[in-house]
């Protein structure tokens, strides 16, 4: 009897120690990042030309939570372009089958208005294809665009143009992009458009459909109108520079030619990467890059006067905790609690005509119906 008791006690202590060790391993090493690349922040008037927007720009910071935003603000001496947003809320991010979502289900909810199972793309929880807000915008005569920092076939952007059972089905997602009718898409993923097992050359198919197909930033920047498929290598902001700002501006210039207006989705994909790697510099650099791009979009929206800008996230990544900082020097200290996603609510910011609809606490599925409502789209 004593032997059984001590055996049980030993196993109990061992299991508790194991759990504690796992928890300790993800307390994370506290790290400090000193920013030396500060950017200016402008203040905008909030004077718009109409109550109904002509255009909607949805900006998604993948993995961006409140801590990532405030880390970026601290690193930029207390100022972000996000400060211009006066309508603020929160989004609940759980998926249909998990408390903690992945980008597939998180992006699906934003794009289609349906909660779905983790890893699913463009389908509901029963596996039925559901239309994205981008597809409905197209059906109502609006131009559409997708601009990202990683692969345009990644989970979040894929939800706006494709319907597959699993986010890893990138060759199938690529073939659906060709058929999607999206006017402009810029990002990585070219390897799934050529040298395919099915022998299809999707780059040639895009050309036949009237797309200007380019594989470098300088050529992409020359495009002013028409349809564009721009392919770029995936890299951290330290290597790609201000590429997201530049490609977003290209998309805006092209889409603004369309009389009925446009819907554009811009994703800062690698804030998520910094969280997964528990890398403070990686995370903050990507957050600041996103904020610079937000500034570029606000500049367009201010001049246009008929553009609604929405900024949110699909989920938070890394469980970032800020432990210290200095607004005067741009120094920020923090640690991560996980190498994965977390279940916390993420912030929502809105600027422009219709921004008042994006306040309070709501489900991530609400973006779909609210965008359709403010644009007065027929479903």
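Every read-out reported here was derived from the displayed coordinates using simple, explicitly stated rules and does not represent laboratory data. Note that the coordinates shown come from a computational prediction; the quantities given were computed from them, not determined experimentally. Neighbour counts run over all protein chains shown; Cβ positions are idealised from the backbone, glycine included.
Look at the alpha carbon pairs under 8 Å that are at least 6 residues apart: their mean separation over the length of region 197-301 gives a relative contact order of 22 percent. Counted over all Cα-Cα pairs of region 187-270, pairs farther apart than 21 Å make up 35 percent.
Neighbour counts of other Cβ atoms within 10 Å put 365, 116 in the fewest-to-most order 365, 116.
Mean projection of the Cα convex hull over all viewing directions, computed for region 107-154: 3.7 nm².
Take the alpha carbon atoms of region 286-352, find their center, do the same for region 239-265, and report the distance between the two centers in whole angstrom. Centre-to-centre (Cα) distance: 19 Å. Averaging the sequence gap over all C-alpha pairs within less than 8 Å and six or more residues apart, then dividing by the number of residues, gives the chain a relative contact order of 32 percent. Expressed to the nearest 5 percent, the antiparallel share of DSSP beta bridges inside the chain is 40 percent. Is region 292-379 rounded, prolate or oblate when judged by the Cα gyration tensor, a ≥ b ≥ c being the square roots of its eigenvalues, rounded requiring a/c under 1.5 and prolate requiring a/b larger than b/c? Oblate shape, in that a/c is at least 1.5 and b/c is the bigger or equal ratio. Remark: relative contact order (region 74-173) = 24 percent; criterion is Cα-Cα distance under 8 angstrom and separation of 6 or more residues. Annotation: extensible slack from residue 204 through residue 337 equals 43.3 nm (criterion: 0.36 nm per residue apart, minus Cα-Cα distance). Using a/c under 1.5 as the rounded threshold, could you call region 114-201 rounded, prolate or oblate? The axes a ≥ b ≥ c are square roots of the C-alpha gyration tensor eigenvalues, and prolate needs a/b larger than b/c, oblate otherwise. It is oblate, given that a/c is not under 1.5 and a/b is not larger than b/c.
Label sites at residue 32 and residue 90, each approximated as a point 7 angstrom past Cα along Cα to Cβ, lie 3.1 nm apart. With Rh defined as the Kirkwood radius, the inverse of the mean 1/r over Cα pairs, the Rg/Rh of region 33-172 is 1.02. Computed from Cα atoms alone, the Kirkwood hydrodynamic radius reported for region 217-331 is 16.0 Å. Modelled spin-label separation between residue 378 and residue 306, with each label point placed 7 Å from Cα along the Cα-to-Cβ direction: 1.9 nm. Does region 138-291 come out rounded, prolate or oblate, given a ≥ b ≥ c as the square roots of the eigenvalues of its C-alpha gyration tensor, rounded meaning a/c under 1.5 and, failing that, prolate meaning a/b above b/c? Oblate shape, in that a/c is at least 1.5 and b/c is the bigger or equal ratio. With 0.36 nm allotted per residue and the present C-alpha distance subtracted, the residue 321-residue 344 stretch has 7.0 nm of extension available.
Panel values: the chain, Kirkwood radius from alpha carbon pairs, Stokes-Einstein at 4 °C and 1.567 mPa s, translational diffusion coefficient 61 µm²/s. Put in line by how crowded their Cβ is, counting other Cβ atoms within 10 Å and starting with the fewest, 270, 191, 126, 234 read 126, 191, 234, 270. Residues 315, 208, 276, 341, arranged from fewest to most other Cβ atoms within 10 angstrom of their Cβ, appear as 208, 276, 341, 315. Give me the one-decimal Kirkwood hydrodynamic radius in Å for region 170-218, with the sum taken over alpha-carbon pairs. Across region 170-218, the inverse of the average 1/r is 11.2 Å. Available extension along the chain between residue 328 and residue 195 is 42.7 nm, counting 0.36 nm per residue and deducting the alpha carbon span.
In this simple spin-label approximation, residue 52 and residue 139 carry label points 7 Å from Cα along the Cα→Cβ vector, and these lie 1.9 nm apart.
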